[in-house]
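All of the numbers you see were taken from the coordinates with simple rules; none came from a lab. Nothing here was measured: the structure is a model prediction, and the numbers come from that model. Quick reminder, even Gly has a Cβ in these numbers, built from the backbone with ideal geometry, and neighbours come from all protein chains shown.
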Amino acid sequence: MQALSHRIYRFDDFELDAFKRQLVRSGQPVTLQPKAFDLLLVLVDNGGRLLTKDDLLNLVWPDQIVEESNLTVHMSALRKALGEHRGQHRFVVTEPGRGYRFVADVSEAEVGTGAGDEEFSIESHTLSCIVIDGETETGDDSASDAATKALSLPATVVSHEAVRLAAGQTRGLTKSRRATALVLRAFAALTLLTLAFGLFRYLNRKASNPPFQQVKLSRLTNNGKVSGAAITPDGKYVAYVLAENEGNSLWVKQVGTASNIRILPPIKSEFWGVEFSPDGAYIYYNLFAGDKADVDIFRVPSLGGMAQKILNISAPAFTLSPDGRRIAYPVSHSAEGKTYLQVSDADGTNARDVAERQQPSNFEIQGPVISWSPDGATVACVVNHYGPEAHYSAIVGVGVNDGAQRSLSNERWYNVYSLQWLKDGSGLFVVASDKPTLPGQVWFLSYPSGGVRKITNDLSQYAWLGVASDGQTLVTVQTNSVNSLWLGKRDQVAGDFREIIAEIGPLTPLAWLSDGNIVFRSHADGNSNLWLMEADGSRRRQLTTDTQVSRRGLCASPDGKHLVFVSWHGGKQHLWRVDVDDGSLTQLTNGDGEGYPSCSPDGRWVVYQNGLGIGKPTLWRTSLSGSEQEQLVETFSSKPAISHDGERIAYFYMEDRRWRIGIIPSGGGKKLQSLDLPASVAERVMRWSPDGKALYYVSIVGDVGNVWSLPLDGKPPQALTNFTSHLLEDFTLSPDGQQVAFTRTTESRDVVLITGFR
């Protein structure tokens, strides 16, 4: 009889044994993690063929939602195991923006596992099941029973069990009857295999979802300046936040008519949540002012009236119970490294902790990311996980009475922006993105099965959710945006600035190099990478590949040879250094999460914020080589900026529940100065003026952003730009301090009504 065989691939001085899952080089085993081995096997098995990132994610991580950073990490480990150095392409070639290709010459051989008269030849990659249902010398039914039992085993176990049965149970058959029996058994095996495969697919199918049909989107507003929305339980009225020149205001619109009522006048604060009370009589909302640490919750009658502050509660996210008598909200205690879900009465009294999470996992505390189930038993929350290999967001349900936490779905999202229960409890609508480069889309999460399905699938960004009681009507905010990079001299009028580039996707952070080039983040290749160009927009080229650049800061060494940026590469946000000439990468930090680097003018140090995302933020510095690290500030501190002379560091901190700006010596030590933070400051982006006498920051009022100067001598802030439209997100100064480059965003944001999903 033939021996059981398996495949061995040979390339260069390597042997890849697919059956034994072993990689050998010159007779010596090479250590590979399981997923890195799977990745190599897929590449070799498709030798010469281009495999996109999606191809590899689907083949190596089937039926899983994983970060692209996982692929990057395992690809790096694979290259290291193969002995490939940067710039070499002996085995795996990266085609920027396209994918990967295995280019080494590969030969394939089949090797037997051993000879024996009773053994059968089975292709190692084929699901095989041979079942014996004929006679034995003892006349028992053990073969049939064993074969039936094998149906409950995994496919690979079924295959091996069937081989064992075939080898053992046929020994009692006479030679004359063996041929006939084998034919009958082969037919039975084929039939049973078909049934087993069907059963396997059935048992392992993804949970079913409601039958979404033709989804219809209808625009309810057309001013393009909406930043939040909610709908009454009866589906007749929609509340929305409108960005006006003087600030953000709150409006109510009757669905199906042109009737609009302004409930609140413009406020120089951001609305982080809007929700109708269960009876529709009130609108609850929370406000964030740039200079305050607390986010206060208010309520106002739905048709207008006096706003009332909910005392004793500061919550960037909140949700009301189905009867309107209680309110739930997540809070953070950064000093403990913990986040809590709290529940109190609707007036803010009788607060109690329901559940807690400890680093490296936390409840998301900002935005409309929490929703109370219609039966009152469960609060759905967004949870962020900071694992050793990946960072992702998931959705958990917390029992209101016992605090028990359980996952509502196995889905892992890159980001979750909003969620809302259906009133019949059959599931939740979720706005989330499953990849860093994709905008947030509307999903349906079935309850209790946990299956998910996309409702929208386009290039718009969605945020906020409201669901009417009938379960047939959903409102959300649809955003379409174009980002542009502008350049001009300081203090010139708005009309004199010129647009350099414009594209869909982020252009921040950005930095101006000593040679006059500008570096910025872009998704032009389908991933988040750094790009370089001259100040007039010419000679644009890609600087990094597959680095998963974060928006949390960027700085350049004074000689312009190195850039320090923040990357998700490896699953957490850390500081990395890239060589501008050859693109070589060096990891500088490896803590709980680091960001917002600021390079010293002497080229020795990089000051940064430690504790990014989890824990208490504090200021540290590292040498440009990453070999030395030192803590500068032990108290709550974030987003540092080094002065041009290298003598001082400005940063943000909290005091008496208000954000302030502190200034310390560059080597750390006692605070030299403390400044009040203007209420209109946005994103807390800060740069030093060239003469060191002021700090520049971004101010946003309503839907318009500008750069302002905050003098250190106590004089009032002064506007450096005077734009009357567009958001302004980030800016950087030229090396001589005479020019400024900044990113502006043109956004169209409106409330849309979604129907037809049932």
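Structure notes:
- Theoretical FRET efficiency, 1/(1+(r/R0)^6), r = Cβ-Cβ of Asp375 and Arg498, R0 60 Å, to 0.05: 0.55
- Taking 19 Å as the cut-off, the amide N atoms of region 306-329 that come nearer than this to a point 7 Å along the Cα-to-beta-carbon line of Phe288 belong to 310, 313-320, 328-329.
- In this rough spin-label picture, where each label sits 7 Å from Cα along the Cβ direction, the Asn245-Lys216 distance is 3.9 nm.
- Highest-first packing order for the peptide set 22-34, 677-689 is 677-689, 22-34, based on the mean count of other beta carbon atoms within 10 Å.
- Under 16 Å from the Lys423 label point (7 Å along Cα→beta-carbon), backbone N, region 228-242: 230-239
- Linear extension gain, Arg49 paired with Asp279, 0.36 nm per residue minus alpha-carbon span: 76.8 nm
- For region 481-749: relative contact order, % (alpha-carbon pairs under 8 angstrom, 6 or more apart): 15
- Potential lengthening between Ala679 and Arg25 on full extension [0.36 nm per residue; Cα-Cα distance subtracted]: 229.1 nm
- The peptide list 318-328, 710-720, put in order of mean Cβ contacts within 10 Å with the highest first, becomes 318-328, 710-720.
- Partners for Lys225 among lysines (Cα-Cα distance below 19 Å; same-chain residues under 8 apart left out): Lys253, Lys268
- Seen through its C-alpha gyration tensor, with square-root eigenvalues sorted a ≥ b ≥ c, region 5-108 comes out prolate because a/c lies at 1.5 or above while a/b is bigger than b/c.
- Available extension along the chain between Leu303 and Arg352 is 14.4 nm, counting 0.36 nm per residue and deducting the alpha carbon span.
- Per-residue Cβ neighbour rank within 10 angstrom, fewest leading, Ile518, Ile500: Ile500, Ile518
- Computed FRET value (nearest 0.05) for Asp345 with Glu655, which takes r as the C-beta separation and R₀ as 30 Å: 0.50
- Förster radius 51 Å - calculated FRET efficiency between Glu534 and Gln631 (Cβ-Cβ, nearest 0.05): 0.85
- Here the spin labels are modelled as points 7 Å beyond Cα on the Cα-Cβ line, and at Lys671 and Ser481 they lie 3.2 nm apart.
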